[in-house]
Amino acid sequence: MIVSPSLLSANFADLKSDIDMINRSEADWLHLDIMDGVFVPNISFGFPVLKAVAKICTKKLDVHLMIVDPGKFVNEVKALGAYMMNVHYEACPHLHRTIQQIHDAGMKAAVTLNPATPICVLEDIIQDVDMVLLMTVNPGFGGQKFIEHSIEKVKALKAMIERIGSKALIEVDGGVNNETAPRLAEAGVDVLVAGSYVFGSPNPEERIISLKNL
């Protein structure tokens, strides 16, 4: 299992310590949620903070743009040295073009679906993306309760990927913990984003190992 702890749940008063912990840990990626207060009802952090994080983080950067018109920021995300640039289906009227721009910039391209967006919208793009992120809570805030229907949604997405012959990974974000993570793994998830479950633990590195071993 690929584990991508979410910086949104880190201690921003002592961010370097949390980044150092991630660097020491067995985490594969670091998940970075950029929120604009328009597409989602919250504002997180912008590129000045991300640049500072990128300088000291040794893990691959998994950048998730919860913003309107994310295609405008391909060059800025690339400049961070990002591995994965993740955009929302709901925010991209020209999604195929945006995916092409991300690939042309040398990054992996991912598309995110909100909880109420059906997977059928991916039929014509699933061959072109490297990953699909299913939101298993409503985007904008950490610590929300897991949406149970997400398990069936993961299974359906896995079936679509296999039917079409796509190589896309499946990532989930929201409500990942010791109870939901094994069920998600069994349903076919490849990447787990975990925020408060990791950073809220007295032993976050142990939590990361437990997720990796699923």
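The values are calculated or read from the model by the stated rules, or taken from the named source; none is laboratory data. Treat the numbers as computed from the prediction; the structure is a model and nothing was measured. Cβ: placed from backbone, ideal geometry, glycine included. Neighbour counts: every protein chain shown.
Some values worked out for this structure:
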| read-out | value |
| --- | --- |
| Answer residue from segment 171-185, given it is touching a Leu at 6+ places or on another chain (Cβ under 7 Å) and among the β-branched types (Val, Ile, Thr) and is nearest to ASN114 (Cα to Cα) among those | VAL172 |
| Of the criteria (1) touching a residue at least 40 places away in the same chain (Cβ under 8 Å); (2) over 30 Å from ASP124 (Cβ atoms), which one PRO41 fails | (2) |
| Segment 161-190: number of residues that are assigned to a helix (DSSP H, G or I), surrounded by fewer than 18 Cβ atoms within 10 Å (Cβ to Cβ) and not small (Gly, Ala, Ser) | 6 |
| Count of segment 112-124 residues which are surrounded by fewer than 20 Cβ atoms within 10 Å (Cβ to Cβ) and under 19 Å from GLY37 (Cα atoms) | 3 |
| Condition check for GLU90: in contact with a Phe, Trp or Tyr (Cβ under 9 Å, 6 or more places away or on another chain), touching a residue at least 12 places away in the same chain (Cβ under 8 Å) and acidic (Asp, Glu) | yes |
| Members of segment 84-111 found to be part of a loop (DSSP other than H, G, I, E, B) and surrounded by 17 or more Cβ atoms within 10 Å (Cβ to Cβ), listed by number | CYS92, MET107 |
| Qualifying residue in segment 63-72 (condition: in a helix (DSSP H, G or I), within 15 Å of THR112 (Cβ to Cβ) and free of Cβ contacts under 8 Å to residues at least 40 places away in the same chain) | yes |
| Some residue of segment 61-69 being farther than 17 Å from ALA194 by Cβ, within 17 Å of the chain's Cα centre (by Cα) and modelled with pLDDT of 95 or more | yes |
| Enumeration of residues in segment 197-214 that are more than 18 Å from the chain's Cα centre (by Cα) and β-branched (Val, Ile, Thr) | ILE209 |
| Selection count where residues are in a helix (DSSP H, G or I) and surrounded by 23 or more Cβ atoms within 10 Å (Cβ to Cβ), scope segment 191-206 | 2 |
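The rows are residues; the columns are (1) among the charged types (D, E, K, R); (2) in contact with a helix residue (DSSP H, G or I) (Cβ under 7 Å, 6 or more places away or on another chain); (3) farther than 23 Å from THR98 by Cα; (4) at pLDDT 95 or above.
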site: VAL3; (1), (2), (3), (4): no, yes, yes, yes
site: SER9; (1), (2), (3), (4): no, yes, yes, no
site: ILE22; (1), (2), (3), (4): no, no, yes, yes
site: SER25; (1), (2), (3), (4): no, yes, yes, yes
site: ASP28; (1), (2), (3), (4): yes, no, yes, yes
site: ASP33; (1), (2), (3), (4): yes, yes, no, no
site: VAL38; (1), (2), (3), (4): no, no, no, no
